[in-house]
Amino acid sequence: ERFLVPAIRGEMVGAIGVTEPTAGSDVSAIKTRAVRDGDDWVINGQKMFITNAATADFFCLLAVTDPDAGYGGFTQIIVPTNTPGFRVERMLSVFGYDERPIGHAEVVLENVRVPVENLIAGATTLVAVAAVIAVIGYRVFKSEGSAGAGGAPADVTALLPKGARIVGTAVAGD
């Protein structure tokens, strides 16, 4: 109720925090930890290439809660971006695009404390599998856009008249 309903209404923006500096599609390499401390989760780690990081009101974050449980040791937790210890470290260029203000960013979490009610999904293999599917799907989407954009110069050049020159250099056939 606190996050999903306002997001559906367009009153809040969310982001998904899965990818890390040393863990892309391989969620088993995720190092961000969430440790239970009474009625809170205390979260420490980094996330990379996070879409909407600079504009999001909350993150759906994948963290390790039981490092000995393999894929079963992951938990998804909602983290409001105004929580102390949460910061957007820097904006990043992805596939050659700097898409500010939405764009992509590196996020740092230092002793971020959120209530246990912010748990989305407990430690299950399904959580990790869903995260991998989301990351791979997004990468396919972005790579298709980049591949399409890569063909744009050739498309524009084909529209130029024969013999066209730019700064003294021929850009279209004679």
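Quick notes
- Residue check, residue 43 in contact with a strand residue (DSSP E or B) (Cβ under 7 Å, 6 or more places away or on another chain) and not polar (S, T, N, Q): yes
- Summed over the stretch 1-44, residues that are within 16 Å of residue 73 (Cα to Cα), at pLDDT 85 or above and surrounded by 15 or more Cβ atoms within 10 Å (Cβ to Cβ) total 9.
- Among (1) open to solvent by 30 Å² or more (accessible area, probe 1.4 Å); (2) part of a loop (DSSP other than H, G, I, E, B) - the single one residue 83 does not satisfy: (1)
- Condition check for residue 147 on (1) modelled with pLDDT under 65; (2) part of a strand (DSSP E or B): one failure, at (2).
The values are calculated or read from the model by the stated rules, or taken from the named source; none is laboratory data. Treat the numbers as computed from the prediction; the structure is a model and nothing was measured. Using ideal geometry, Cβ is built from the backbone for each residue, glycine included, and neighbour counts are taken over all protein chains shown. Areas reflect the complete protein model, heavy atoms only, side chains present, ligands, DNA and RNA absent. Shrake-Rupley method; radii C 1.70, N 1.55, O 1.52, S 1.80 Å.
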